[in-house]
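Peer 1: Take this structure, written in structure tokens, and hold onto it; I'll ask about it next.
The values are calculated or read from the model by the stated rules, or taken from the named source; none is laboratory data. Bear in mind the structure is a predicted one, so any value in this text is a computation, not a measurement. All Cβ positions, glycine included, derive from the backbone under ideal geometry; neighbour counts span all protein chains shown. These accessible areas exclude ligands, DNA and RNA; they are computed on the full protein's heavy atoms, side chains included. Shrake-Rupley method; radii C 1.70, N 1.55, O 1.52, S 1.80 Å.
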Amino acid sequence: MDLRHLLPKLLQRLLQAVLVALLVGTLCFFMTRMLPGDMAYRIAAGRYGYDMVTSEAAQAVRVELGLDRPWLAALGDWWGRLLHLELGTSQVTAQPVLHEIAQQLGPTLRLSLLAMSLSLLLGPTLGVLAGLVPGGWLDRATLALSVTLRALPPFLLGLVLVLMFSVQLGALPAAGHADHGGILLPALTLALGLAAMSCRVARDAMVQVRASDYFAFALTKGLTPAQALARHGLRNVAAPVTAYLGVQLVMLVEGVVLVETIFAWPGIGHALVHAIFGRDVPMIQATALVLGLMFVLFNALVDAACALIDPRRRP
């Protein structure tokens, strides 16, 4: 892919990122302002504690942050700061939002990458093995397991893993990040849900490969089934599995918010939930913005990987 074809795609992704930033930030602003309750009281409670909040403290917060200003004026100020790449200051901690995001982005990326790696290790591997013998015991077992895992919401699956590995076996910590093993349970919670679907995608692709003419011709040339699979099968299976990663990214970004909250993992999803409770509008906008931009970035990487695997997708 030369520069002439690459540049329009980069500009398209950049425009998509700008539109995502404006749309996500604007929606978060209005949805936060429409939440029930007095925003000034919630922010004061986040600063001083629920037992220490008084009407005077809430009024001081309202005046300090300009919460009585018109909504459109406050939104216009946020748009102006965003054009200068400024995300503002947290209304609860009074710390720069960009500084807090920088601290939380690393744990979220580590969790996401580990979860995606585990899902690709488990799902497509079992799917290829199941597709080699359609209707066999492994095919039926992976189908039942995939349906079960997809039926379980992430928070329930996480609780099941905590009961199994933390309460019963005592092998892994149930929450937190002080121990190196603390990332395994949240990553496994995300990975199992993702692997459930990639397993079936890989299985169906493997069945199509086995029924194809080029695979049969490879066998007639004297290649063993293992050699035919390695030379002609895996690349053709990898193409639909890689393309399906774009769908999985939606579930990954959605699952990060729930899983980080369940396991007290100090990432962006965990910060988003706390910011919603505290009515911290700049923090809500920034965390949702970063999650949206992560989705755009990961989708761009998936498109590039699909173009490398499948020459037909190259311009």
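Peer 1: Given a cut-off of 13 Å, what percent of all Cα-Cα pairs of the range 112-167 lie beyond it?
Peer 2: Value for the range 112-167: 69 percent of Cα pairs lie more than 13 Å apart.
Peer 1: What is the Å³ per residue value for the convex hull set by the Cα atoms of the chain?
Peer 2: So the per-residue Cα hull volume is 165 Å³.
Peer 1: Now, a different point. Angle, helix 234-262 long axis vs. longest principal axis of the chain, Cα atoms, 0 to 90°, nearest 10?
Peer 2: 30
Peer 1: What's the carbon and sulfur percent of the range 164-287's accessible surface, probe 1.4 angstrom, rounded to a whole number?
Peer 2: After summing per-atom areas, the C and S share lands at 66 percent.
Peer 1: Compare the Cα positions of Val302, Val92, Gly158 along the charge dipole of the chain (+1 at Cβ of Lys, Arg; -1 at Cβ of Asp, Glu; about the Cα centre) and return the one farthest towards the positive end.
Peer 2: Working it through, the farthest residue towards the positive pole turns out to be Val302.
Peer 1: I've got another one for you. Angle, helix 184-210 long axis vs. longest principal axis of the chain, Cα atoms, 0 to 90°, nearest 10?
Peer 2: 30
Peer 1: Right, another one. Determine the dipole magnitude for the chain: charges of +1 sit on the beta-carbon of Lys and Arg, -1 on that of Asp and Glu, nothing else is charged, the reference point is the Cα centre, and the result goes in debye to the nearest 20.
Peer 2: 1200
Peer 1: Whole number in Å², please: accessible area per residue of the range 1-95, 1.4 Å probe, ligands, DNA and RNA not counted.
Peer 2: For the range 1-95, the solvent-accessible area averages 67 Å² per residue.
Peer 1: To continue, here is another question. Return one whole number: the accessible area per residue of the range 163-268 in Å², for a 1.4 Å probe.
Peer 2: Details: 5000 Å² over 106 residues.
On a per-residue basis, 47 Å².
Peer 1: Can you run phi through the Karplus equation (6.51, -1.76, 1.60; θ = phi - 60°) for the range 60-66 and list ³J(HN,Hα) in whole Hz, with x for Gly and Pro?
Peer 2: Whole-Hz 3J(HN,Hα) from phi for the range 60-66: 5, 5, 5, 6, 4, 8, x.
Peer 1: Kindly rank 20-29, 185-194 from highest to lowest mean number of other beta carbons found within 10 Å of each residue.
Peer 2: Numbers: 20-29: 17.4, 185-194: 25.0.
Per-residue Cβ counts within 10 Å, averaged per peptide and sorted highest first, yield 185-194, 20-29.
Peer 1: Considering amide H positions built from the backbone, and no H for Pro or chain starts, which residues 5 or more places from Thr89, or on another chain, come under 5 Å of its amide H?
Peer 2: For Thr89, whose amide H was placed from the backbone, the distant partners under 5 Å are Val97.
Peer 1: Take the Cβ-Cβ distance between Leu156 and Thr224 as r, set R0 to 45 Å, and report the resulting FRET efficiency rounded to the nearest 0.05.
Peer 2: 0.55
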